[in-house]
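A short write-up of the structure that comes next.
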Amino acid sequence: MLVKLAAIFFSMILVNNYVLVKFYGICPFLGVSKKLDSSVGMSGAVIFVMFMATAVTFPIQIFILDPAGLGYLQTIVFILVIAVLVQFIEIFLKKYVVALYNSLGVYLPLITTNCCVLAVTILVVDDYGADVAALGFGAAYIEALVCSIGAGVGFMLAMVMFSGVRKRVEACDPPAPFKGLPITLIAAAITSLSFMGFGGIVENLFNVTL
Amino acid sequence: MAQEKKSKVSILTNGIIKENPVLRLVLGTCSTLAVTTAVSSALGMGAAFTFVLVCANIIISLLRKVIPGKVHLPCYIVIIAGFVTIVQMFMQAYMESLYNALGVFLPLIVVNCIILGRAEMFACKNSVVDSALDGIGMGIGYTLTVVLMASIREILGSGTWLGFKVLPDSMAKIGIMTQAPGAFFCFGLLMAGCVWLETKLDARIERKSCCDIDNLKKEAE
């Protein structure tokens, strides 16, 4: 079980990296990764919200939507839950954890409409929803949560790496039409190329098939 | 925006060229990168996207005097999510292969910044007909751009266009174009080409990603 969890965790970070391989959350990736501190802050907020959102939506799907045959309402229910959750987290942090609010507060409104949060909640249901029958709800729930944290950490890795790449790119002098976003996208292509090298690493490292 | 009455034609063409959502406004980048591996999925996504955008624009424009300002975002999201669900059910029933090809990007239309952005910037201030035209224009602009990008990637990457063989077998295929790095690369090149054209035509604009941190910090202050 532990090996499988580790395999899930690392495959979400390296092989199925949400930003560079799967293209979830490109907007913040391009907009926020200009500086190291803002990319760390944003990814911290994303990890937190992804974890909380998965923790709430997975049981909703298993215990409410599926037994009632309302699977088709998934999109509406999940996006509403995420929107409410982000609002709630914002209010809670503002009142009780002011230090955290000061560092993450700017990024929270961005997260409601961030595709990676909705994507992770839908994908864990697709991937681990079937495990509920095979392994029991507890095990499937833990797998889903580990998967959501892995996705968030992968997002952070991409953001932090790319903020470094970007600093170097900005110091260069590309041809005039490439200045700004186009050269950033080309740099992202090369960063993404490096992640292709991780294909198959998790299966061989942990000796499991996912 | 409200100072002069715009003609219907200019509203329609606005989204195709002047405010092309993908290449000029840099919105909805996630789906653009993801669905352009093949022309067929780009066309499918473009159609689904246009349907949701037009319907959501019409309904939001109809309800623009009813929706209270404080909760406007959740209201928009529910309206958009409703139409996305309709598209999902339709595709699952009649176009199973396309449904599987688009995967999670179909429900992710809900959080596509183009749709939310048009609701916020256009549909909540303009009449129903204008909003519908704006939706059609933006939808066509998005579809044309993703199909163009998908054509480049599919022809170079697998030597086909919409499934038909285009390049002879003797030509080597650049497999990387259909994978993740090719998407970033192709998007960057297209955008650079677009900037080059703008410089020639003297219509350059400053491009910023929709979640630009500098904008956000300005808003917060």
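The values are calculated or read from the model by the stated rules, or taken from the named source; none is laboratory data. All values reported here derive from a predicted model rather than from experimental measurement. Please note: Cβ atoms are built from the backbone with ideal geometry, for glycine as well, and neighbour counts cover all protein chains shown. Each accessible area value is taken on the protein alone, full model and side chains, heavy atoms only, with ligands, DNA and RNA left out. Shrake-Rupley method; radii C 1.70, N 1.55, O 1.52, S 1.80 Å.
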**Q.** Spatially proximal aspartates and glutamates relative to B:K6 (Cα-Cα < 19 Å; intrachain offsets below 8 disregarded)
**A.** B:E19, B:E120, B:D130, B:D134
Q: Beyond 20 Å between alpha-carbons counts as too far, so tell me which of A:K179/B:K200; B:K65/B:K125; A:K34/A:K94; B:K65/B:K208; A:K35/A:K95 fall in that bin.
A: A:K34/A:K94; B:K65/B:K208; A:K35/A:K95
Q) Using the beta-carbon distance between B:A172 and A:D126 and R0 = 25 Å, what value does 1/(1 + (r/R0)^6) give for FRET efficiency, to the nearest 0.05? A) 0.10
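Any idea what the relative contact order of region B:3-125 is, in percent, if you count C-alpha pairs under 8 Å spaced at least 6 apart?
32
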Q: Choose one answer from B:A93, B:A101, B:A183: the residue with the largest mean-square fluctuation in a GNM of chain B with alpha-carbon springs under 10 Å.
A: B:A93
Q: May I ask for the angle, rounded to the nearest 10°, between helix A:36-59 and the longest principal axis of chain A, with both axes built from Cα atoms and the value confined to 0 to 90°?
A: 20
**Q.** Cα-centred dipole magnitude for chain A, charges only on beta-carbon of K, R (+1) and D, E (-1), debye, nearest 20
**A.** 680
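Find out how many positive minus negative residues lie around A:G164, taking Lys and Arg as positive, Asp and Glu as negative, among other residues whose Cβ is under 12 Å from that of A:G164. Please report the intermediate quantities before stating the final value.
Numbers: positive: A:K34, A:K35, A:R166, A:K167, A:R168; negative: A:E170.
Charge balance in the 12 Å sphere: +4.
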**Q.** Normalised contact order of chain A, rounded percent, pairs of Cα under 8 Å and 6 or more residues apart
**A.** 41
Q. In degrees, nearest 10, range 0 to 90: what is the angle between the Cα axis of helix A:115-128 and the longest Cα principal axis of chain A?
A. 40
Q: Run a plain Debye calculation on region A:147-210 (Cα atoms as equal point scatterers, no solvent) and give log10 I(q)/I(0) at q = 0.13, 0.17, 0.19 Å⁻¹, rounded to two decimals, same order as the q list.
A: -0.49, -0.72, -0.82
Q: Report, in whole Å, the centroid distance computed from the Cα atoms of region B:52-116 and region A:107-134.
A: 18
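Kirkwood hydrodynamic radius of the protein assembly as shown from all distinct Cα pairs, in Å?
Numbers: mean 1/r = 0.0447 Å⁻¹.
That comes to 22.4 Å for the protein assembly as shown.
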(Q) How large is log10 of I(q)/I(0) for region B:142-208 at q = 0.19 Å⁻¹ when the intensity is taken from the Debye formula with one equal scatterer per alpha-carbon? (A) -0.79
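With a cap of 13 neighbouring Cβ atoms within 10 Å, and only residues DSSP puts in a loop, list the trypsin sites (Lys or Arg not before Pro) found in region B:42-82.
Working: sites: B:R64, B:K65, B:K70; in loops: B:R64, B:K65.
The qualifying sites are B:K65.
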Q) Between the helical axis of B:39-62 and the dominant principal axis of chain B, each derived from Cα atoms, what acute angle in degrees is found, rounded to the nearest 10? A) 0
Q.
With every protein chain left in place and a probe of 1.4 Å, what is the accessible surface of B:D212, to the nearest 10 Å²?
A. 10
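Net charge near B:A38, counting Lys/Arg +1 and Asp/Glu -1 over other residues with Cβ under 13 Å of its Cβ? Mind dumping the intermediate values first?
Values: positive: B:R153; negative: B:E154.
Surrounding charge for B:A38 is 0.
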(Q) Run the simple label-point estimate for A:V98 and A:S194 please: 7 Å along Cα→C-beta, distance reported in nm. (A) 4.0
Q: Pull out a ≥ b ≥ c, the square roots of the eigenvalues of the alpha-carbon gyration tensor of region A:75-210, then state rounded if a/c is under 1.5, prolate if not and a/b is larger than b/c, and oblate in the remaining case.
A: oblate
Q) Any idea what the relative contact order of chain B is, in percent, if you count C-alpha pairs under 8 Å spaced at least 6 apart? A) 34
